[in-house]
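Have a look at the structure below, then the notes.
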Amino acid sequence: MPGISSGSLSDIVFMLLFFFMVTTQLRSTEDLVIVKLPEASEVIKLERKDLASYINVGPPVKNMQAKFGTEARIQLNDSFKSVNDIRDFIAAERDAMSEGDRQFMTTVIKADQDVRMGIITDIKQELRRCSALKIMYQSRRATED
């Protein structure tokens, strides 16, 4: 009885691995704040989402309100931070990118529609200080619910 040829086994495994790598979208952070996005009249789509760094602003989710209260908080990656931590966050995000991609880095502010404008202004001022001048605001389209 002839043995089973395993010559094509590595090709099949590689094709399956490649398929799952292409079709799987990894979530890098978990939302710790509630964000009800305001409506937008003009929408611009990001060209490369891998070059975007997200700053979420809003009240903590229900199960964290006992610990952090109901006031708006700034979320950078998976933790709550202050405005002073934004400079370190942007520096770390830039260091994780290749030298050629750093000029295309976009900071996306995803803020709840009821957040005070003072917090957003403080975030924008800190982004200016660390030369992160390409800023976008994430919102929902007027037709979305």
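The values are calculated or read from the model by the stated rules, or taken from the named source; none is laboratory data. Here the structure is a predicted model, which is why all the values come from computation and not from measurement. Cβ: placed from backbone, ideal geometry, glycine included. Neighbour counts: every protein chain shown. SASA here: full protein model, heavy atoms, side chains in, ligands and nucleic acids out. Shrake-Rupley method; radii C 1.70, N 1.55, O 1.52, S 1.80 Å.
In this structure, does F19 turn out to be more than 24 Å from I120 (Cα to Cα), open to solvent by 50 Å² or more (accessible area, probe 1.4 Å) and out of contact with any His (no Cβ under 9 Å at 6 or more places or on another chain)? Break it down into steps so the answer makes sense when it comes.
Values: more than 24 Å from I120 (Cα to Cα): yes; open to solvent by 50 Å² or more (accessible area, probe 1.4 Å): yes; out of contact with any His (no Cβ under 9 Å at 6 or more places or on another chain): yes.
Yes: the conditions hold for F19.
Of S6, S28, which residue is modelled with pLDDT under 80, in a loop (DSSP other than H, G, I, E, B), under 21 Å from I74 (Cβ atoms) and among the small types (G, A, S)?
When all the criteria are applied, what remains is S28.
Looking only at region 66-115, how many residues end up being surrounded by fewer than 16 Cβ atoms within 10 Å (Cβ to Cβ) and among the polar types (S, T, N, Q)?
7
Going by the structure shown, is F68 out of contact with any helix residue (DSSP H, G or I) (no Cβ under 7 Å at 6 or more places or on another chain), among the aromatic types (F, W, Y) and at pLDDT 90 or above?
no
What pairs can you find where one residue is in region 76-87 and closer than 11 Å to N56 by Cβ, the other is assigned to a loop (DSSP other than H, G, I, E, B), and their Cβ atoms are less than 7 Å apart, with a gap of 6+ or different chains?
Final answer for the pair search is N77/T29; D78/T29; D78/E30; F80/L32.
Just give me the residues in region 33-87 being aromatic (F, W, Y) and under 14 Å from V108 (Cα atoms), in sequence order. Let's see the steps before the verdict.
Filtering region 33-87 for residues aromatic (F, W, Y) gives 54, 68, 80.
Y54 - this is the single residue of region 33-87 that is aromatic (F, W, Y) and under 14 Å from V108 (Cα atoms).
For region 73-94, does any single residue satisfy the condition of being aromatic (F, W, Y), under 21 Å from the mean Cα position of the chain (by Cα) and under 16 Å from A132 (Cα atoms)?
Taking every residue of region 73-94 in turn, at least one turns out to be aromatic (F, W, Y), under 21 Å from the mean Cα position of the chain (by Cα) and under 16 Å from A132 (Cα atoms).
Is it true that some residue in region 54-65 is surrounded by 13 or more Cβ atoms within 10 Å (Cβ to Cβ), of a type in the set (A, V, I, L, M) and in contact (Cβ under 8 Å) with a residue 60 or more places away in the chain?
Yes: region 54-65 contains one or more residues that are surrounded by 13 or more Cβ atoms within 10 Å (Cβ to Cβ), of a type in the set (A, V, I, L, M) and in contact (Cβ under 8 Å) with a residue 60 or more places away in the chain.
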